1. I need the phi-derived Karplus couplings for region 166-181: 6.51 cos²θ - 1.76 cosθ + 1.60, θ = phi - 60°, integer Hz, Gly and Pro marked x.
2. Considering only Cα-Cα distances, which of the following residue pairs are longer than 23 Å: Lys18/Lys175; Lys40/Lys201; Lys175/Lys248; Lys18/Lys201; Lys18/Lys189; Lys113/Lys201?
3. Name the residue, out of Asp20, Asp98, Asp134, whose mean-square fluctuation peaks in a Gaussian network model built on the chain with Cα pairs under 10 Å.
4. When the chain is treated as a GNM, springs tying every alpha-carbon pair under 10 Å, which of Val207, Val52, Val11 comes out with the largest mean-square fluctuation?
5. Mind checking the angle between helix 120-129 and the chain's longest principal axis? C-alpha axes, 0 to 90 degrees, to the nearest 10.
6. Which residues does a label at Asp98 reach in region 1-31, if reach means a backbone N under 20 Å from a point 7 Å past the Cα toward the Cβ?
7. Hey, rough spin-label estimate for Leu183 and Glu41, points 7 angstrom out along Cα→Cβ, what's it come to in nanometres?
8. Give me the compactness ratio for the chain, meaning the Cα radius of gyration over 2.2 N^0.38 Å.
Amino acid sequence: MIRIGRVVNIVGKAPSGKFDAHLAYINMGDSVPECRAYIKELHPSQLIIELVCAILGRGLGLPIPEPVIAYSEDGKKQLFASVEVSYPDLNQFVEMRDTEIINTPQNLIIFNKIAEWSDIVLAITFDELIANGDRNTGNILFDGVSSFTLIDHNLAMRAPFAPYFTINNQLMNIKLLFTKDELSKQRLKNSINQITRDIPKNLIIDVQKCLLSVNGHINIDLLHPIIHFLEERILNLSDITTRKIEVKQKTLC
Ligand SMILES: Nc1ncnc2c1ncn2[C@@H]1O[C@H](COP(=O)(O)OP(=O)(O)OP(=O)(O)O)[C@@H](O)[C@H]1O
Ligand SMILES: [Mg+2]
């Protein structure tokens, strides 16, 4: 079930991002006081992509904030809302030159924490499944110790995009920075393939059911191609992983 809310008050602008996200108080009928969430106005199909990805990722067990369909204060605009997590995005921890990440010892410490994160392989698989090439530092929240939260998926599945195309999987790039030997690479590949096989058969169709359970808020004509893309994409994941993680020599493990 996805919750529907209404913006009651805007707190201020989000610390980063291209889509003019704002922190706001949202009333969802049942929450008193109102819930704080980041809201952004998106193209209608990107709004559905955000919702689909958040529901799907949460269904896989990933830490992704609860997505909400929110309406503007005047009720005229439909917005994407992401319930606020209390820690900042990685821009607060990573040194950048303009938008380029630079190779400093501090940055490597943070990347190593990402590579060691307990959910890293699941998160790599998720980004590949949703074809998300936009996992930039603003789209990962970090508690400064060992917990990460994934946000911002509206640029996943960018059309025109075939289900067998590869994306620049930034989490995989980070993991591979610390996965040098052939045996470790083979293990990583095996783990991604195992996670892919373990994805429940009805998960994607359940995402569709979840969104259609709230009558009248979702455009079915926009939702169907997104669900269809994911169903096709899942069949291609193992091939994509094999193409991406090149292992020179067959190893037993
Ligand atoms: N649920 C959340 N909890 C905490 N902070 C959040 C949350 N959602 C968004 N933010 C903050 O707001 C910023 C902008 O949000 P988001 O990344 O969704 O928007 P964007 O404008 O699409 O960004 P981008 O330019 O990366 O595509 C994030 O980088 C993060 O700092
Ligand atoms: Mg962002």
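1. My calculation for region 166-181 gives 8, 10, 7, 8, 5, 5, 5, 4, 5, 4, 5, 4, 10, 10, 8, 7 Hz in order.
2. Numbers: Lys18/Lys175 26 Å; Lys40/Lys201 32 Å; Lys175/Lys248 18 Å; Lys18/Lys201 35 Å; Lys18/Lys189 33 Å; Lys113/Lys201 32 Å.
Violating the 23 Å limit, Cα to Cα: Lys18/Lys175; Lys40/Lys201; Lys18/Lys201; Lys18/Lys189; Lys113/Lys201.
3. Asp98
4. Of the options given, Val11 has the highest mean-square fluctuation.
5. That helix lies at roughly 70 degrees to the long axis.
6. 16-19
7. 5.7
8. Details: Rg = 18.6 Å, N = 253, 2.2 N^0.38 = 18.0 Å.
Against the empirical 2.2 N^0.38 Å value, I get 1.03 for the chain.
Values quoted throughout were computed directly from the atomic coordinates according to the rules given, and no laboratory measurement underlies them. Small disclaimer: the values here were computed from a predicted structure and weren't measured. Don't worry about glycine lacking a Cβ; one is built from the backbone with ideal geometry, like all the others, and counts go over all protein chains shown.
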